[in-house]
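K.L.:
Please see the structure below; I have some questions.
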Amino acid sequence: MPNLVELSHISKSFGGSLAVDHVSLELFGGSVHALMGENGAGKSTLMKVLAGVYQPDEGEIFKNGHKVSFANPREALEFGISTVFQEMTLLPNLTIAENMYLGREPLTAFGSIDYRKMNSDTQAALSELGLSLPPQTLVSGLSIAERQFVEIAHGVKADASIFVLDEPTAALNAADVEVLNKHIRRLRDAGKAIVYISHRMEEIFNICDTVTVLKDGKLVGTRPLSEMTPSSLVAMMVGRELRDLFPSRGQGTNGLLLDVKHFKIGASTKPFSLQVHGGEIVGLAGLEGQGQQKFLRSLIGQFQPFSGTVAIKGKALPLPVNPAWGVRRLRSMGVAFVPEDRKEEGLFLGLPIAHNIAIGLHSARSELAIAKNYRQLIADSIKSLNVRTTGPQAHAGSLSGGNQQKVLLGRYLAEGVDILLVEEPTRGVDVGAKSEIYKLLRDFAAKGGAVIVLSRETVELIGLCDRILVVHGNTVVSEMAGASAAEQDILNAALNAEAVVEQE
Amino acid sequence: MNRGLLRLLTGGYGRQGLWLAPLIVTLLLAGFLTVRTPDFLRTENLLNVVAQVLPIMITAIGQTFVVIAGGLDLSVGSLISFTTAVLAMDGPGYILIPAAFAFAVLVGLTNGLVVTRFNVHPIIATLAMQYILLGAVRLLRPVAGGTLPDIVLESVNGAPFGIPMALIWAVVAIATAWKLLYGTRFGLHLFAIGGGTASGNEQAARNFGVSDKRTMVLAYVISSCFAALAGVYLAGRISSGDPNVGLGFELDAITAVAIGGTQLSGGIGSLPGTVIGALVLALLSNGMNLTNISPFIQTAIKGAILMAVVGLQSRKKMGL
């Protein structure tokens, strides 16, 4: 079968560092091709070359055997290459139709933009994907999932034959992922070639048929997924096995640090209790939006639970917590909360790493106190976290996702707290950094700290946690030991919650 | 208040920004003045209002193009003065008028190129241009004076078929701007560039194949040309070239734009909003003149209105 697109010996460097090093890739119609590798392996750069965002330093792109080149994404789209990037590329203040036609708007005989044609064609393209959004809707009014579907419709509309999806599911919930998969299968069955970038193993094996692995900008290999297993794929990506990803479990526990009793998230939900001891990592598992996050966020006051008592190291935390000082209050009791979205809620991307680490220490002191520079502490942190950076003055935004996550975690570790509440410790983080973050959390626990981890990735919870609590319907429905838990058990518990006797 | 109504009033729907609220302010002001002062509704006074509002309105319309794309043009005040000085150079109209507009195009091009190519912040780039032009006009004509081509005087002060010229100027200016902003790709691209900038993704429009730098330069050229148009009108009104006539116009124009609901961060705004914003300013000063309020208090009230009307806006960042 002839290939649809061939990338031949593509190289691209940024300021001396080679991001993509002579990588070749063939894409075939009717196939979903996974592109994998740690963050910084060159996946996004390679795809941006294909999409016309970057011009390759070396190498050629062939479409149906003909050499092509694009100055910008619009030109790439005209050659049939449509890309849905991680970052939002739609313009929020334009309508769906205007976004779809931006840069090549149809004109009427009088030289005005032909809105009637734009809207009706857009309507047709949307309904082809089974979307019932009015084309005059402003994009700012759409959910993230809807925006991604609009971008896909954009490609369908332009009659693209290659669709590149760069981490499309990073911000989607389970239901939207299912809808997205449906669209991807439909495109595949229509003979399109799809490139799918994701860090989530389950998705890769669920939807893709071929995988190409990059490492440090170089091609490791291309294999049919039927020959691969998750652990062999990880081995290919990092050169080691999945079980090596997680540190060994804790050696027993000491005192009770967090004691939650008769906790009711809503008025009519079942109460639950949970205890976390020093030295252990407890995971909260469950389907999307079942109350895991509400529980954690009620401790910092961002959610108001119905009732319950919370004791931290024996001291009661009165509920509900005032959101204005919830985080500071917890901090003074020795608890740190690591939010899920490091870019929006966690880091100051425009500030140096040094500030991002020290800001927790600064905020614990009086507003008008003369700021210490914490230079040694920051240097030690960066070293112990193994943050790959040019120095403490580099902006947090310039780091890769994994290093950003390490800096975020480092801020709370530097504060010297006893309890860590961590949401999604490794979202959008590559395998190598994941392993380092797991080790940081385990080291923290080994020194007597207690950790609660909330994660969507079941594999991560099983590998990392000592105990796993499955949450469903705003209450804890099951508890299992991490060492003996299986993915299937957790899923069953989460799905058949009603059948499980409540823990009490 | 009903939430839907509140959103409608504060521009929560669409990208036109808030223009209903200032419209209501305009109508209230007009109603109030009709009741309070017998002189307000007289034809001479209304024409006076139009004549007063016209230069600010024309400048503000030009400014709207730049602001929607996420820029700002502070050089328009000096450019207005400069245009009057050029027209009063005692030459034939068919040379001076094209010369004035050619100069405006040059100023706009320079502003646009400095902003897009050298990445100078629009406020700094156009503030520098404001100083350059101020120096130039004072060199050219240190004090007010000079004579204007007849065609300028006629086209400003005449009244063909009994229609005052000010009205014709207003209609032509609004119609031209309307076509540019709502009837061309260029107009949509302005919104696209501004929307990208406001949502923190300046590359966004370019990724769609919009030539953002060229579009931005064109916006500055349009702003300059509208300022020159206002300059021609003002020169005809005062029958001389005056190095100080444009002082403060850039701030009045931005005030009108902001009252009209156009967001200074870009991407949201409308032409009707700007026209209404200029009307609010004109009615305020006219009404306060009619009711004998001190001009010092007038300025303070202008500031208060700006604060109140803009404060109503739902300052949500688009897309975030």
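K.L.:
What do you get for the angle between helix A:401-414 and the principal long axis of chain A? Use alpha-carbon atoms, 0 to 90 degrees, nearest ten.
P.N.:
Tilt of helix A:401-414: around 20 degrees.
K.L.:
Report Rg/Rh for the protein assembly as shown, rounded to two decimals, where Rg is the Cα radius of gyration and Rh the Kirkwood radius.
P.N.:
1.04
K.L.:
Using only alpha-carbon positions, what ratio does the radius of gyration of region A:143-301 give when scaled by 2.2 N^0.38 Å?
P.N.:
Normalised Cα radius of gyration, region A:143-301: 1.39.
K.L.:
Any chance you could look up the accessible area of residue A:487 with a 1.4 Å probe, heavy atoms only, rounded to 10 Å²?
P.N.:
Spelled out: residue A:487, probe radius 1.4 Å, area about 90 Å².
K.L.:
Taking the convex hull of the alpha carbon atoms in region B:106-228, what volume per residue do you get, in Å³?
P.N.:
Details: hull volume 16.4 nm³, N = 123.
Given the Cα convex hull of region B:106-228, per-residue volume reads 133 Å³.
K.L.:
Here is a follow-up. Rg(Cα) of region A:427-495 divided by 2.2 N^0.38 Å?
P.N.:
1.15
K.L.:
Sorted by average packing, counted as other Cβ atoms within 10 angstrom per residue and highest first, what order do A:198-210, B:244-256, B:38-50 take? Provide the component values of the computation, followed by the final result.
P.N.:
On the way: A:198-210: 18.7, B:244-256: 21.8, B:38-50: 13.9.
By packing density, highest mean first, the sequence is B:244-256, A:198-210, B:38-50.
K.L.:
Note down the Stokes-Einstein diffusion coefficient of region B:95-149 in µm²/s, whole number, using a Kirkwood radius over alpha carbon pairs, 20 °C, and 1.002 mPa s.
P.N.:
In µm²/s, the coefficient is 169.
K.L.:
Let me confirm one metric for peptide A:93-103, namely the mean number of other chain beta-carbon atoms within 10 Å of its residues' beta-carbons.
P.N.:
On the way: counts 18, 11, 2, 0, 0, 6, 4, 1, 3, 11, 11.
Partner Cβ neighbours, averaged per residue: 6.
K.L.:
From the phi angles alone, apply the Karplus equation (6.51, -1.76, 1.60; θ = phi - 60°) to region A:160-170 and give each ³J(HN,Hα) in whole Hz, x where the residue is Gly or Pro.
P.N.:
Whole-Hz 3J(HN,Hα) from phi for region A:160-170: 5, 10, 10, 10, 10, 10, 9, 6, x, 9, 4.
K.L.:
Once you have the Kirkwood Rh of region A:5-244 from its Cα pairs, apply Stokes-Einstein at 37 °C and 0.692 mPa s and quote D in µm²/s.
P.N.:
The calculation lands on 176 µm²/s.
K.L.:
In terms of the ratio Rg/(2.2 N^0.38 Å) built on C-alpha atoms, what value belongs to chain B?
P.N.:
Compared with the compact-globule rule of thumb, chain B sits at 0.99.
K.L.:
Across 10 Å bins from 0, what is the distribution of all Cα-Cα pair distances for region B:138-194, in whole percents?
P.N.:
Once binned at 10 Å, the Cα pair distances of region B:138-194 give 19, 26, 24, 27, 5.
K.L.:
Separate question: Taking the Kirkwood radius as the inverse of the mean 1/r across Cα pairs, report the Rg/Rh of region A:89-184.
P.N.:
0.98
K.L.:
Still on this structure: Which whole-Hz ³J(HN,Hα) couplings does region A:459-464 yield from phi under the Karplus relation 6.51 cos²θ - 1.76 cosθ + 1.60, θ = phi - 60°, glycine and proline marked x?
P.N.:
Computed from phi, the couplings for region A:459-464 are 4, 5, 5, 4, x, 8 Hz.
K.L.:
Which far-off residues, 5 or more places away or on another chain, put their amide H under 5 Å from the one on residue A:34, with H placed in the peptide plane?
P.N.:
A:196, A:209, A:210, A:211, A:212
K.L.:
How far is helix A:431-446 tilted off the main Cα axis of chain A, in degrees rounded to 10, range 0 to 90?
P.N.:
10
K.L.:
Mean projection of the alpha-carbon convex hull of region A:42-95 over all orientations, in nm²?
P.N.:
Orientation-averaged projected area of the Cα hull: 4.5 nm².
K.L.:
Let me ask something else about it. Please compute the average number of Cβ atoms from other chains found within 10 Å of each residue's Cβ in peptide B:172-185.
P.N.:
2
K.L.:
If you don't mind, another one. Quick one: which residues, 5 or more positions from residue A:64 or on another chain, have an amide H under 5 Å from its amide H? H modelled 1.01 Å from N in the peptide plane, none for Pro or chain starts.
P.N.:
Distant-sequence amide H within range of residue A:64: A:5, A:6.
K.L.:
Please list A:413, B:106 in order of solvent-accessible area, largest first, computed with a 1.4 Å probe with all protein chains present.
P.N.:
Details: A:413 50, B:106 100 Å².
Solvent-accessible surface, decreasing: B:106, A:413.
K.L.:
Need one value for A:342-348: mean number of C-beta atoms belonging to other chains within 10 Å of its residues' C-beta atoms. Please list the in-between numbers first.
P.N.:
Numbers: counts 0, 0, 1, 0, 0, 0, 0.
Counting other chains' Cβ atoms within 10 Å and averaging over A:342-348 gives 0.
K.L.:
Whole number please: convex hull volume per residue, Cα atoms of region A:283-378, in Å³. Present the calculation step by step, with values, prior to reporting the outcome.
P.N.:
Values: hull volume 13.9 nm³, N = 96.
Each residue corresponds to 145 Å³ of Cα convex hull volume.
K.L.:
Residue by residue through region A:21-36, which ³J(HN,Hα) values in whole Hz follow from phi under the Karplus form 6.51 cos²θ - 1.76 cosθ + 1.60 (θ = phi - 60°), with glycine and proline marked x?
P.N.:
10, 6, 9, 10, 8, 10, 10, 10, x, x, 9, 10, 9, 7, 10, 10
K.L.:
In Å² (nearest 100), what accessible area is buried between B and A, both sides summed, heavy protein atoms only, 1.4 Å probe?
P.N.:
Result for this pair: about 2000 Å² buried.
K.L.:
Let me ask something else. What Kirkwood radius, in Å to one decimal, follows from the Cα pairs of region A:1-128?
P.N.:
Hydrodynamic radius (Kirkwood, Cα pairs) of region A:1-128 is 16.7 Å.
K.L.:
Under a 5 Å amide H to amide H cut-off, with H placed in plane at 1.01 Å, what residues pair with residue A:307 once short-range neighbours are removed?
P.N.:
A:264
The values are calculated or read from the model by the stated rules, or taken from the named source; none is laboratory data. Everything numeric in this text was worked out from a predicted model, so none of it was measured. Every residue, glycine among them, receives a Cβ derived from its backbone with ideal geometry; neighbour counts consider all protein chains shown. For the accessible areas, the whole protein counts, side chains as well, though only heavy atoms, and no ligand, DNA or RNA atoms are used. Shrake-Rupley method; radii C 1.70, N 1.55, O 1.52, S 1.80 Å.
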